[in-house]
Amino acid sequence: MAGEKWGMVIDVDKCVGCQACVVACQSENNIPINTEELYNQRRAVQWIRIERYWEGEFPNVKARFIPVLCQHCSDAPCEPVCPVFATYHNSEGLNVQVYNRCIGTRFCANNCPYHVRFFNFWEPSWPESLKNQLNPDVTIRSRGIMEKCTFCIQRIRRSTRDAKLEGRELEDGARELNPACVNACPTDTLVFGDLNDPESRVAKLTEKETGDHGRGYHLLEELGTEPNVLYLKKVDKDAKEGHA
Amino acid sequence: MQEHVQLDQKQINRELLNGVLQMPKWWPSATVIAFIIFITGLGAFGYMLNKGVGVTGLNRPVYWGFFMVNFVFWIGISHAGIMISAILRLTQAEWRRPVTRAAEVLTVFSLMAALMAAPLVHVGRPWRADLWVFPYDFARGIWINIRSPFIWDPSAVMTYLTASTLFVLVALLPDLAIIRDRSKGFTRAAYSVLCLGWRGTPRQWKLQAVAGILLSALVLPVFVSVHSIVSWDFAVQIGPEAWHSTIFAPYFIIGAIHSGVSAVATVMVLMVWLWGWKNYITPDHLDAIGRLLIVVATTWFFFFFLEWVFAIYSLEAPELAMRDLQVFQWPWSGLFVLFLLTAFFIPVPMWLFRNLRRSLWAMFISTILVNVGMWLERFLIIIPGTMRRGHMIFDWGSYHPSIIEILMVAMTFAWVVLGMLLFSKVFPLIPLFDVKEAMVGRDEIKIGRKTVPASIRE
Amino acid sequence: MDLTRRKFLTLVGGSAAGAVLFQACGVPEAELIVEAPVEMPEDMVTGIDNWYATLCPNCSSQEGIVVRVMEGRAKKVEGNVDYPINQGKHGVRCEAAVQGLYHPDRVSAPLVRLGARGEGRWEEISWTDAIARLAHSLGQIEDRSSIVLATEPVGGHLGKVVERFASHTGVRHMGYETLEETNLRTSMKQVYGLDDMPDFDIGNTGYLLTFGADFLSTWGSPIRYARAYGSFRQGADAVRGDDGTLYINLKRQRGTHVHVEPRLSTTAASADEWVYVNPGWEGHVALAIASVIVEQGLGDSAAAAAMTGNGAIDLSRYAPERIAAGAGVSAERLRKIAEDFAGHPPALAIGGGSAGAHSNGLANLNAIYSLNHLVGSVGKPGGVVPNPASPVRDVTGSPAASPYREWRGLVDDMRAGNVSALMVHRANPVYGMPDTAGFREALLGRGGGGFNVPLIVSFSGMMDDTSSLADLVLPENHGLEDWGDDVPNPGPGYQAFGLRQPVVRPFFEGRGVHLGTRNFGDVLMGVAQTMEVDLGLEGESFKDVLEAGVEGLFARDRGSVRAHDFRSFWNGVLQRGGWWDTTAAYSGPAPSPSQLETTPDAPATGSGQFALVPYPSIGITDGRGAHLPWLQAVSDPITTASWQTWVEINLARAEEMGIKEGDVLKLTASNGRSIEALAYPHPGISPDVVAVPMGQGHTGGGQYENGRGANVMSVLDTVEDASTGALAWAATRVNVAKTGGWTRVPRFENTAPDLATDEDQHIIKLTTKDS
Ligand SMILES: Nc1nc2c(c(=O)[nH]1)N[C@H]1C(S)=C(S)[C@@H](COP(=O)(O)OP(=O)(O)OC[C@H]3O[C@@H](n4cnc5c(=O)[nH]c(N)nc54)[C@H](O)[C@@H]3O)O[C@H]1N2
Ligand code: SF4
Ligand code: SF4
Ligand code: SF4
Ligand code: SF4
Ligand code: SF4
């Protein structure tokens, strides 16, 4: 089991803002329905979200999209502030959330510079029949606790176990290993894999795209959180080249 | 320069025990009102326990709101006790004597209010917080995360609460004995137990005095640490960039002293008005505390100014956005002006005038204003700080407290008032022995041509 | 020592709390993982899951999906990696299929109306009774052609059953689509001579010029297009070579995309350049580009000659300088686009959506699609790839719907009492037809003592605006519990056939054979049988018909599944989710350029301050998905709003008009109809345009859709394309007024007054150079 370091590469140049990743995550991870009231209360939960930034004014206007999810920071600001180790770093590079330890201080959420941690303000609820859809591999979070993207740890676990039982190696990019958002994303904006495996797509992309000629960058790099999510710059022929 | 009103021991006993041995006319109604507010707040808390933190106005990303503001506010008020009792005792400021007890008791109750405001009602699963953090799930060898300021801060606050409670108890012993001697039946039996067999022997007096001094000295580090640590709840964070400030610890401490000492002045005026202790709390006392407040307030303002300088100096976009919100956007701008006026620009000029410093009304109003201002100060640091967190403008937020939060904030105020009222019914709010000691201390005898104190101080 | 902040805090924490008591250590990780037979985290239940391949029931593009089933319950939808259309990818709408399956408001048994129409009081009856009643009622009607069976455009074997039912019983079959594609289909025929939609090879094109079609979110086959768009941007996905080496981003030059649309749509935002065009002027723009290409001799001169009929059509009429003012696009910009388009082969022009929804819609599309002839991209990689005929005999992909003009004719027939029964299957004209058409009134109206239309029957498994008015409801199965198939249209450029299988047993199976839901094909076959009409189909049930069709595929003995016997073949097709043959490409006559049959005139519009651009929502589309909470909750990519109907309006213009976000605006068309919706000012829209998402404002649907927002389709003017009779749904103008009301716009974005901008590239970093 040990030895993996899960990571993701997000090519901003490919993202078309289609929201497929967002709904895939809702479905896979038993995220309660984001009702109108929740949006109005600003408590809607989207473990992965598409941020849209404006540039300029009509007619020289651009709207740009960027998917943001937990960056699984190697030096994660959310971790040291949690008084009960409900959020901690595991040996596979994941920032893990242990729901039943969480007491709901919201300290970690305050300290996450990426705003990817979501608090359960209410008890989650579904109409009886819709509960049939819930994923039995994922805990339903009660009110009062924090949640966020897990890199679909349940998929990592299940696929690792299945591979082990069947005596085979887990293949890079295997569908059963990939997080739900990655499988959904029609444009292949999101790529997931083991950064420690030099032959994996994420490792190859990281190698290719970091450095002077690459498009790689980390979100809010200046904070030194050392994310395991690498972004690739958007290509825009007319852009003024950004700093760093 | 102090007036010397010499009072005899009997008069002191009679006047200062008037609240305990008799029933002041206003006491029952005041207590009932405080109790009703407190119970209403408790009801709101129960409702929140039942429904979830959703009943507050908190949201993403404004995860901390009224409760946190209130927590910091009460921790600030709690600095009254140490400031008056420990610092002034160690620096031998004579005027402190009649107010030490009220200040210490205020400390104890406001610490409880603080604990009520943050760890108890603030977290998502209070039942879990209490059972997992205190005591913790040691069976699996997982300790609490001592890197988290949320472990530092309950530790500091609990230490402070323990020390302050001891302070109050030690100082109470002689007075409890007096009440024991003046009561009968069950009351007498109860006070006999409480005073731990105080007979006023020299050894007992000596031990009591030494304990007082020791506690003063030992509690000093706590004085520095409590509010430093509370400030680190914010300052260690990188999420809300506006909090990411190295000056927060001293800034918070001096702010705490500002609000704490002001609160003591408010209580002093109330003691004169409500119990009529004008013989003990004289314009001289108010004058002294007023002068102290000028120094404290000005130092605080200096830190406030520095904090702004540091914030603006870096020209970080989120920091500027947060300042812009505080100063230019309604209603924050209105609150900001109100904060500046109440925390500094109205009270401090008032204190510069001797007549106003010696006026009960002026001191009452000015010190109440200070605490309105200091409450707003915490509000303006915490809420806009989370609203304008970083570069990701897409996620900036807004916040309106819900009625539930307001009720629970009122509950903490009611709790402190209620606590003080109940205390005053059971124990004297002005330490009898300390006042007497001062009287004795002022007795002078002539030895030859020299006039010397009749007794030597400890 | 490398003292990171984290270490520092560790040390501070360690010393502060007393180094003796605590060791500043992390969590012993072993403690957090429950040791079980096979390493299991706390979060994991073991259980066997199966993934079954089937087709997505939520969109007409019917992507191939696999559904995760555990203990008889469908859990999760993912794309079928094998399926040629979407190749493993899926979108928001596919995902919500499971919510349709377990929707709390599903109809669980045949219903007969009690009380007034639309009152919502029903009585459950048994299937035997329901079918008998329907067959009896239909049998009573002398003039069978006065019976109308309205369905969504339905292809595959179900389409075959519907056709047989219509032709053998003599009922009139009409296809209904809210956003009809009549103009698009006609254009394919006129420009390329194709009956089916071709495939657009976006992934291999060098220069993509699109008009109106929001093909990355709702138009055409969006998942297929988006998948190709990824490679168009940054090359083919990682490929593992034979030696096991991984090659990533195998690509050519990064493609350039220019999108022409009156609204900044998801597609416009993703393009390298968004060109605002006045609504209805897309065809002029295309011809302006053509004129530059011809004038400068950049393109295929033979094609140019053919297209203009050797000069019969004077392209100089459309020279950039002449149309610039009308189209709202500068001449220089048009020239630049023309040069780039011709200069970066293979280039591809695509048009649709609002570009084809004007009085000159067909002419617009013809002009746009002719551009591909001009640069020689038809039938070439990176261009327009024609699709071969269906591999299954008698079965086609989904056909075109009946144009709006025909539907208006139906309204007249209904008013005249010439419609004796209306049967609807996944068609919701009560919702989709503009109020000016008067469909609802005609349907419910009473003439001569009784209803205009004496019998309304719905086969819908969910109540909707039309079904709720029905007299009889015969609920169909949900797509995930049903048999079915699809010949994708547009196809992938080669022969393909998708098979739908039930991935779970019908949810209402527990209600017994007499209640519950049924396959629509079975119901039609049952009704025909009771009416004693022989449909001439192979077998007793719809599944038999389907199997018979698949047997035909088996007989071809080629393609992705081959087997010795039919059972193995059948199972193979079920397993893979379909059958396809990548070598069976289009073999018909090569599309050749011909003279444009129509050229665009200036679009006809009503009067009003703003041009109204309705657009299908990314989640609920034209309203079909409005009952599904996940789709309601999808944040619109541009506004991040959801659950409501809002009005995109230019920020500066809104400020002038004193409009702020959330103000309830009244949009009134010159036909007098109006809707109320919430203002959402933003900088990305023209001051002359307001854009309103479609899909809300339902009556008679489920709990997540009723009484929510407003139906923008209802205010549309009845403007039709002169030649095809298609509804010109983007041709209405409206006046905008504040009502004084205010409602919060349920949006995901911040509630700060500050516009989310990132001019300093703190979040989205840009580079001019591709890596
Ligand atoms: N609804 C409902 N609830 C019930 C009952 C019911 O009939 N209906 N029955 C009740 C009764 S009688 C019982 S006994 C309980 C049973 O309740 P549980 O004890 O919770 O039973 P399981 O889920 O069978 O097992 C618990 C976990 O242990 C793991 N496990 C298996 N083998 C090992 C092992 O060797 N070591 C470790 N560490 N873990 C292992 C399993 O994978 C599983 O995740 O449920 C009670 N609750
Ligand atoms: S992105 Fe936020 S939640 Fe995720 S690891 Fe980093 S700090 Fe923690
Ligand atoms: S350096 Fe910053 S992000 Fe890292 S642990 Fe420290 S405070 Fe957190
Ligand atoms: S909310 Fe939960 S995970 Fe976050 S710091 Fe508090 S206890 Fe830890
Ligand atoms: S990795 Fe999994 S949990 Fe994280 S955003 Fe994607 S789908 Fe959601
Ligand atoms: S699914 Fe992919 S393309 Fe669509 S919004 Fe998510 S990351 Fe972007």
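Among the strands (runs of 3 or more DSSP E) lying completely within region C:97-193, list those that include at least 3 residues that are of a type outside the set (Gly, Ala, Ser) and open to solvent by less than 30 Å² (accessible area, probe 1.4 Å).
Correct list: C:147-151.
Might you check whether a residue that is buried (at least 23 other Cβ atoms within 10 Å of the Cβ), modelled with pLDDT of 95 or more and within 16 Å of ligand 4 (Cβ to nearest atom) occurs anywhere in region A:21-39?
No, because not a single residue in region A:21-39 is buried (at least 23 other Cβ atoms within 10 Å of the Cβ), modelled with pLDDT of 95 or more and within 16 Å of ligand 4 (Cβ to nearest atom).
What's the number of the only condition in (1) out of contact with any helix residue (DSSP H, G or I) (no Cβ under 6 Å at 6 or more places or on another chain); (2) within 9 Å of chain A (Cβ to nearest Cβ); (3) farther than 30 Å from C:PRO603 by Cβ that C:TYR704 fails to meet?
Result: C:TYR704 passes all but (1).
Among residues belonging to region C:712-771 that are of a type in the set (Asp, Glu) and open to solvent by less than 10 Å² (accessible area, probe 1.4 Å), point out the one that is farthest from the other protein chains (Cβ to nearest Cβ).
If we take residues in region C:712-771 being of a type in the set (Asp, Glu) and open to solvent by less than 10 Å² (accessible area, probe 1.4 Å), then C:ASP721 is farthest from the other protein chains (Cβ to nearest Cβ).
Would you tally the residues in region B:193-234 being surrounded by 16 or more Cβ atoms within 10 Å (Cβ to Cβ) and aliphatic (A, V, I, L, M)?
The qualifying residues number 8.
Of all residues being touching a helix residue (DSSP H, G or I) at 6+ places or on another chain (Cβ under 7 Å) and not acidic (Asp, Glu) in region C:296-313, which is surrounded by the most Cβ atoms within 10 Å (Cβ to Cβ)? Just the residue, please.
C:MET307
How about region A:43-67: which of its residues are touching a residue at least 24 places away in the same chain (Cβ under 8 Å) and more than 8 Å from every other protein chain (Cβ to nearest Cβ)?
A:VAL45, A:TRP47, A:ILE48, A:PRO67, listed by residue number.
What are the residues in region A:43-65 that are more than 12 Å from the chain's Cα centre (by Cα) and either within 13 Å of ligand 6 (Cβ to nearest atom) or open to solvent by less than 20 Å² (accessible area, probe 1.4 Å) (or both), if any?
A:ARG43, A:ALA44, A:VAL45, A:GLU51, A:ARG52, A:TYR53, A:TRP54, A:VAL61, A:ALA63, A:ARG64, A:PHE65
Facing chain C (nearest Cβ under 10 Å) and within 16 Å of ligand 1 (Cβ to nearest atom) - does that describe any residue in region A:163-177?
yes
Please count how many residues of region C:597-644 are more than 26 Å from C:THR757 (Cβ to Cβ), open to solvent by less than 10 Å² (accessible area, probe 1.4 Å) and polar (S, T, N, Q).
Number satisfying all stated conditions: 1.
Hand me the list of helices (runs of 4 or more DSSP H) wholly inside region B:282-396 holding 3 or more residues that are closer than 20 Å to B:ALA103 by Cα and either open to solvent by 50 Å² or more (accessible area, probe 1.4 Å) or at pLDDT 95 or above (or both).
Helices (runs of 4 or more DSSP H) meeting the threshold: B:283-313, B:360-387.
Inside region A:2-29, can you point out the residues that are at positive phi and facing chain C (nearest Cβ under 10 Å)?
Answer for region A:2-29, where residues must be at positive phi and facing chain C (nearest Cβ under 10 Å): A:GLY17, A:GLN19.
What are the residues in region C:71-88 that are farther than 18 Å from C:SER560 by Cβ and open to solvent by less than 10 Å² (accessible area, probe 1.4 Å), if any?
C:ALA74, C:LYS76, C:VAL77, C:GLU78 - these are the residues of region C:71-88 that are farther than 18 Å from C:SER560 by Cβ and open to solvent by less than 10 Å² (accessible area, probe 1.4 Å).
With the requirement that a residue be in contact (Cβ under 8 Å) with a residue 24 or more places away in the chain, touching a strand residue (DSSP E or B) at 6+ places or on another chain (Cβ under 6 Å) and within 24 Å of C:PHE232 (Cβ to Cβ), what does region A:191-204 give you?
The answer is A:VAL191, A:PHE192, A:ARG201, A:VAL202.
Determine whether A:ALA24 is of a type in the set (A, V, I, L, M, F, W, C) and free of Cβ contacts under 8 Å to residues at least 40 places away in the same chain.
It is false that A:ALA24 is of a type in the set (A, V, I, L, M, F, W, C) and free of Cβ contacts under 8 Å to residues at least 40 places away in the same chain.
Since A:CYS70 meets every condition but one in (1) hydrophobic (A, V, I, L, M, F, W, C); (2) buried (at least 24 other Cβ atoms within 10 Å of the Cβ); (3) facing chain C (nearest Cβ under 7 Å), which condition does it not meet?
Tallying (1) hydrophobic (A, V, I, L, M, F, W, C); (2) buried (at least 24 other Cβ atoms within 10 Å of the Cβ); (3) facing chain C (nearest Cβ under 7 Å), A:CYS70 fails exactly one: (3).
Within region A:106-118, is even one residue in a helix (DSSP H, G or I) and more than 7 Å from every other protein chain (Cβ to nearest Cβ)?
Checking region A:106-118: at least one residue is in a helix (DSSP H, G or I) and more than 7 Å from every other protein chain (Cβ to nearest Cβ).
Taking the residues in region A:131-157 that are facing another protein chain (nearest Cβ under 7 Å), free of Cβ contacts under 8 Å to residues at least 60 places away in the same chain and more than 20 Å from the chain's Cα centre (by Cα) as candidates, determine which candidate is surrounded by the most Cβ atoms within 10 Å (Cβ to Cβ).
Across region A:131-157, the extreme among qualifying residues is A:GLY144.
Among C:GLY417, C:GLY409, which is the only one that is without any contact (Cβ under 8 Å) to a residue 40 or more places away in the chain and assigned to a loop (DSSP other than H, G, I, E, B)?
Testing whether each residue is without any contact (Cβ under 8 Å) to a residue 40 or more places away in the chain and assigned to a loop (DSSP other than H, G, I, E, B) leaves just C:GLY417.
Which ones in region B:9-20 are open to solvent by 80 Å² or more (accessible area, probe 1.4 Å) and in contact (Cβ under 8 Å) with a residue 24 or more places away in the chain?
Across region B:9-20, the qualifying residue is only B:GLN9.
Could you identify the single residue in A:LEU165, A:LEU223 that is more than 16 Å from ligand 4 (Cβ to nearest atom), open to solvent by 20 Å² or more (accessible area, probe 1.4 Å) and touching a Pro at 6+ places or on another chain (Cβ under 6 Å)?
Answer to the check: A:LEU223.
Can you run down the residue pairs with Cβ atoms below 8 Å, 6 or more apart or on separate chains, where the first is in region A:73-87 and facing another protein chain (nearest Cβ under 7 Å) and touching a residue at least 12 places away in the same chain (Cβ under 8 Å) and the partner is part of a loop (DSSP other than H, G, I, E, B) and of a type in the set (Lys, Arg)?
Once the first residue is facing another protein chain (nearest Cβ under 7 Å) and touching a residue at least 12 places away in the same chain (Cβ under 8 Å) and sits in region A:73-87, its partners that are part of a loop (DSSP other than H, G, I, E, B) and of a type in the set (Lys, Arg) give A:VAL81/B:ARG147.
Here is a yes/no grid of residues against (1) of a type in the set (A, V, I, L, M); (2) free of Cβ contacts under 8 Å to residues at least 24 places away in the same chain; (3) assigned to a helix (DSSP H, G or I); (4) open to solvent by less than 10 Å² (accessible area, probe 1.4 Å):
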position: B:ALA34; (1), (2), (3), (4): yes, no, yes, yes
position: B:ILE37; (1), (2), (3), (4): yes, no, yes, no
position: B:THR40; (1), (2), (3), (4): no, no, yes, no
position: B:GLY46; (1), (2), (3), (4): no, yes, yes, no
position: B:GLY57; (1), (2), (3), (4): no, no, no, no
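Yes or no, residue by residue, for (1) farther than 15 Å from C:ARG106 by Cβ; (2) away from every other protein chain (no Cβ under 14 Å); (3) open to solvent by less than 30 Å² (accessible area, probe 1.4 Å); (4) assigned to a loop (DSSP other than H, G, I, E, B):
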site: C:ASP465; (1), (2), (3), (4): yes, yes, yes, yes
site: C:PRO490; (1), (2), (3), (4): yes, yes, yes, yes
site: C:ALA496; (1), (2), (3), (4): yes, yes, yes, no
site: C:ASP522; (1), (2), (3), (4): yes, yes, no, no
site: C:GLU532; (1), (2), (3), (4): yes, yes, no, yes
site: C:GLU540; (1), (2), (3), (4): yes, yes, no, yes
site: C:GLY552; (1), (2), (3), (4): yes, yes, no, no
site: C:ARG558; (1), (2), (3), (4): yes, yes, no, yes
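Which condition number in (1) more than 22 Å from B:MET48 (Cα to Cα); (2) open to solvent by 10 Å² or more (accessible area, probe 1.4 Å); (3) within 8 Å of chain B (Cβ to nearest Cβ); (4) not charged (D, E, K, R) is the one that A:TRP122 fails?
Every condition holds for A:TRP122 apart from (1).
The values are calculated or read from the model by the stated rules, or taken from the named source; none is laboratory data. These figures come from a predicted structure and were not determined experimentally. Virtual Cβ from ideal backbone geometry, glycine too; neighbours counted across all protein chains shown. All accessible areas refer to the heavy atoms of the entire protein, side chains included, with ligands and DNA or RNA removed. Shrake-Rupley method; radii C 1.70, N 1.55, O 1.52, S 1.80 Å.
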